[in-house]
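> There's a structure below that I have some questions on.
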Amino acid sequence: SRHFLGLKGVSAEEITSLLDRAAYWEGHPNKVNNPLQGKFVSNLFFENSTRTRFSFELAQKRLGADVLNFSAAESSVQKGESIYDTVRTLESMGIDAGVIRLKPNGVLQELAEKIKIPLINAGDGNNEHPTQALLDFYTMRKHFGAIKGLTVSIVGDILHSRVARSNLWGLLALGAKVKFCAPPSMQAPELAEFAPYVTFEEALQSDVVMMLRVQLERHDTGLLKSAEEYREHYGLTVERSNRMAPHAIIMHPAPVNRNVELDDELVEHPKSKIFTQIAHGVPIRMAVIERALS
Ligand code: CP
């Protein structure tokens with residue numbers, strides 16, 4: 001089956017072909033498309049989501065698939081049923097593909113070894129969020145014309161970020177340079193060999209400054225003294241944004257903690273691509289679902 005679990009080890013050619021297919025779909029926004037007519041796709045979200053869940057659903061509906069939404073909170077997961085038994089149950093009923101978001105690390109890989117229908121990763125623990133990275137690449141390519149040769153700074157909670165990891169693997173494959181900037185408690189030391197940790201001032205000198213959400217729900221209490229202190233040292237403030245190059249852009253996967261990692265005034269600033277990124281999530285996910293079911 002054609003699982004889509006992450007970007008680690010995926011070639012530049014494969015990424016580019018998905019971006020090209022997304023461009024095709026972006027160019028056909030109002031067409032009724034039925035390539036997936038008669039296919040049943042289930043969205044299996046074991047962790048909360050707004051953007052990923054709804055853009056997958058829009059993508060599936062625009063491709064003519066029948067959509068079955070699952071949310072763990074309303075399911076027999078509440079009676080203690082495991083993730084494997086849940087996915088195996090839907091597979092046995094005859095769904096054709098599953099889009100899955102999970103809290104724990106490593107579980108998706110295990111599931112993929114046992115489940116035959118294609119599984120698409122919608123974010124697993126702090127491992128990967130490959131469709132987010134693809135929509136980020138799509139946004140960069142559309143703005144700059146090419147990704148090769150760009151410098152991308154990823155700033156914030158690298159330790160807990162699946163977005164940082166998927167971006168890192170894909171950007172390196174595409175020939176971009178990646179820099180990280182994070183407080184010591186939010187660094188992932190195992191990634192330092194792939195991207196250097198730099199000061200915020202150096203991070204501001206890149207073509208792309210990608211801010212990450214501080215994942216308060218994944219931190220032990222006490223790690224963050226206060227939102228104000230975080231903003232002071234690691235937030236992209238209006239004042240810091242003035243030191244970015246005129247051509248440089250601000251990205252963020254959202255949801256944003258306004259006035260923590262990113263100032264309120266910058267969310268919809270001309271330099272910000274945040275809502276453009278969100279819009280690109282639909283054609284990107286159309287390309288990914290098509291690939292899984294073709
Ligand atoms: N960027 C992102 O994955 O957002 P959601 O958690 O709302 O899907």
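The values are calculated or read from the model by the stated rules, or taken from the named source; none is laboratory data. Model, not experiment: these values are computed from the prediction. Neighbour counts are summed over all protein chains in view; Cβ atoms, including those assigned to glycine, are modelled from backbone coordinates with ideal geometry.
> Take E193 and tell me if it is of a type in the set (D, E) and touching a strand residue (DSSP E or B) at 6+ places or on another chain (Cβ under 8 Å).
Numbers: of a type in the set (D, E): yes; touching a strand residue (DSSP E or B) at 6+ places or on another chain (Cβ under 8 Å): no.
No; evaluated as a whole, the condition is false for this residue.
> Consider L36 carefully, then state whether it is within 21 Å of M286 (Cα to Cα), under 18 Å from the mean Cα position of the chain (by Cα) and not charged (D, E, K, R).
No, not satisfied.
> Among (1) within 22 Å of R285 (Cα to Cα); (2) outside the structural domain of D207 (by TED's automatic domain parsing), where does Y84 come up short?
(1)
> Looking only at helices (runs of 4 or more DSSP H) that lie completely in the range 168-284, which have at least 2 residues being in contact (Cβ under 8 Å) with a residue 40 or more places away in the chain and away from the ligand (no atom under 16 Å from the Cβ)? If you could, list the steps in order and put the result at the bottom.
Details: elements: 200-203, 227-234, 238-241, 264-267.
Helices (runs of 4 or more DSSP H) meeting the threshold: 200-203, 227-234.
> Answer yes or no: is there a residue in the range 6-13 that is in contact with a Leu (Cβ under 6 Å, 6 or more places away or on another chain) and at pLDDT 95 or above. Walk me through how you get there before you give the answer.
So the first thing to find is which residues in the range 6-13 are in contact with a Leu (Cβ under 6 Å, 6 or more places away or on another chain), and the list is 12.
From what is left, the residues that are at pLDDT 95 or above are 12.
There is at least one residue in the range 6-13 that is in contact with a Leu (Cβ under 6 Å, 6 or more places away or on another chain) and at pLDDT 95 or above.
> A further question follows. May I ask you to verify whether E261 is farther than 19 Å from L134 by Cβ, surrounded by fewer than 20 Cβ atoms within 10 Å (Cβ to Cβ) and acidic (D, E)? Before the answer, list the steps.
Details: farther than 19 Å from L134 by Cβ: yes; surrounded by fewer than 20 Cβ atoms within 10 Å (Cβ to Cβ): no; acidic (D, E): yes.
Criteria not met by E261.
> Turning to a different aspect of this structure: Just one of S49, S17 is within 15 Å of the ligand (Cβ to nearest atom), at pLDDT 95 or above and out of contact with any helix residue (DSSP H, G or I) (no Cβ under 6 Å at 6 or more places or on another chain); which is it?
Working: S17 fails: within 15 Å of the ligand (Cβ to nearest atom).
Of the residues listed, the single one that is within 15 Å of the ligand (Cβ to nearest atom), at pLDDT 95 or above and out of contact with any helix residue (DSSP H, G or I) (no Cβ under 6 Å at 6 or more places or on another chain) is S49.
Yes or no, residue by residue, for (1) surrounded by 15 or more Cβ atoms within 10 Å (Cβ to Cβ); (2) within 16 Å of the ligand (Cβ to nearest atom):
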position: Q37; (1), (2): no, no
position: L44; (1), (2): yes, yes
position: Q78; (1), (2): no, no
position: G94; (1), (2): no, no
position: I100; (1), (2): yes, yes
position: N105; (1), (2): no, no
position: L111; (1), (2): yes, no
position: I117; (1), (2): yes, no
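> So which residues in the range 152-175 are hydroxyl-bearing (S, T, Y) and under 15 Å from Q132 (Cα atoms)?
Initially, the range 152-175 is screened for residues hydroxyl-bearing (S, T, Y), giving 153, 161, 166.
Result: S161, S166.
> Failed condition for G64, given (1) within 16 Å of the ligand (Cβ to nearest atom); (2) exposed (fewer than 15 other Cβ atoms within 10 Å of the Cβ), with all others met?
(1)
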